[in-house]
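Below you'll find the structure, written out as structure tokens, and then a few comments.
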Amino acid sequence: MGLYGNTRKRKKWTLPEVNLGERYHSGFYHRVFEGYTEVRKLQPDGKQRIERIYTGKYYHQKLCTAQRILLRILYLVLVLCTVAAFWNGIFSNAASNSLKSLAVVDCVVILAFVKLAMATVNYLTAPVQMKAYEYRSSSESLRSCTLVIVVALFVLLLGKLIYLCYQGSVSLEEVYSMFCIVMGIFSSGSITMLERKVPYQVTENELAHKIDGVEISIKD
């Protein structure tokens with residue numbers, strides 16, 4: 001199951017011949033080390049050690065330094081606005097009374113916010129020239145989790161409208177709650193659309209196809 005003899009019943013470290021097109025580690029391992037090539041290194045004591053060398057493609061934004069800084073500041077502001085809008089729109093007295101039936105959707109949004117926090121940190125700290133995992137855990141992750149938040153908040157808004165129609169009366173607090181949800185949709189949706197329009201340039205690694213080893217890929 002594992003690379004280079006990393007099997008459940010192994011008795012010692014072995015190095016069998018491997019098929020380069022086969023997956024040898026968990027999906028998480030392949031995502032984290034996507035684009036790396038594992039090379040066998042012989043130690044002075046005769047044991048084998050695996051060295052990982054990045055041979056995959058690099059990703060970088062086709063933006064100047066000022067644009068990259070401003071974009072990150074904008075995303076941070078929009079993320080904070082999304083969190084604040086969700087908090088005020090969902091946990092206000094009116095919202096807590098009218099959206100109990102949508103508690104499952106609330107949980108989905110909260111889980112999406114956890115992923116959003118991770119994606120935002122990865123995005124803000126990503127280097128100019130990103131490796132495959134750095135790109136996917138920042139740009140791609142940011143786009144996907146903000147889209148999930150938009151859909152979930154839209155469901156909450158729809159549920160709120162249905163509840164108000166059934167109730168037959170609307171208070172100012174309920175109007176404020178709906179306004180906050182709409183602002184959350186706008187803020188999160190803005191991140192999704194903006195990041196989709198950010199130009200990324202992909203460059204080949206000068207070490208590509210020059211290292212003799214097993215290349216790690218997320219492809220099945």
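The values are calculated or read from the model by the stated rules, or taken from the named source; none is laboratory data. Since the model is a prediction, treat every value here as computed from it, not as a measurement. Here Cβ is always computed from backbone atoms with ideal geometry, including for glycine, and neighbour counts include all displayed protein chains. Note: areas computed on protein heavy atoms with side chains; ligands, DNA, RNA excluded. Shrake-Rupley method; radii C 1.70, N 1.55, O 1.52, S 1.80 Å.
Which residue pairs have Cβ atoms under 9 Å apart, sit 6 or more places apart or on different chains, and have a first residue in segment 150-167 that is touching a residue at least 24 places away in the same chain (Cβ under 8 Å) and of a type in the set (Phe, Trp, Tyr) and a second that is in a helix (DSSP H, G or I) and open to solvent by 70 Å² or more (accessible area, probe 1.4 Å)?
Once the first residue is touching a residue at least 24 places away in the same chain (Cβ under 8 Å) and of a type in the set (Phe, Trp, Tyr) and sits in segment 150-167, its partners that are in a helix (DSSP H, G or I) and open to solvent by 70 Å² or more (accessible area, probe 1.4 Å) give Tyr163/Ser101.
Kindly indicate whether Thr65 is touching a residue at least 24 places away in the same chain (Cβ under 8 Å) and over 18 Å from the mean Cα position of the chain (by Cα).
The answer is no for Thr65.
Considering only segment 41-56, state which residues are in a loop (DSSP other than H, G, I, E, B) and over 15 Å from His30 (Cα atoms).
Gln43, Pro44, Asp45, Gly46, Lys47
Among the residues of segment 202-220, write down those that are over 18 Å from Tyr133 (Cβ atoms) and modelled with pLDDT of 85 or more.
Selection gives Glu206 alone.
Here are the criteria: (1) modelled with pLDDT of 85 or more; (2) open to solvent by 70 Å² or more (accessible area, probe 1.4 Å). Tell me which single one Ala66 does not satisfy.
All conditions pass for Ala66, except number (2).
Would segment 54-62 turn up any residue that is of a type in the set (D, E, K, R), open to solvent by 30 Å² or more (accessible area, probe 1.4 Å) and either at pLDDT 95 or above or touching a Pro at 6+ places or on another chain (Cβ under 8 Å) (or both)?
Looking for residues that are of a type in the set (D, E, K, R), open to solvent by 30 Å² or more (accessible area, probe 1.4 Å) and either at pLDDT 95 or above or touching a Pro at 6+ places or on another chain (Cβ under 8 Å) (or both), one finds at least one in segment 54-62, hence yes.
Filter segment 69-122 down to the residues that are within 25 Å of Leu172 (Cβ to Cβ), among the hydroxyl-bearing types (Ser, Thr, Tyr) and at pLDDT 80 or above and list them by number.
The one that is within 25 Å of Leu172 (Cβ to Cβ), among the hydroxyl-bearing types (Ser, Thr, Tyr) and at pLDDT 80 or above: Thr82.
Taking into account only those residues within segment 17-52 that are at pLDDT below 75 and open to solvent by less than 90 Å² (accessible area, probe 1.4 Å), which is farthest from Tyr133 (Cα to Cα)?
This residue is Gly46.
So which residues in segment 118-133 are free of Cβ contacts under 8 Å to residues at least 24 places away in the same chain and either within 19 Å of Val198 (Cα to Cα) or touching a Cys at 6+ places or on another chain (Cβ under 7 Å) (or both)?
Passing the criteria: Val121, Asn122, Thr125, Ala126, Pro127.
So, in segment 143-161, exactly how many residues are under 14 Å from Ser177 (Cβ atoms) and in contact with a helix residue (DSSP H, G or I) (Cβ under 9 Å, 6 or more places away or on another chain)?
Result for segment 143-161: 6.
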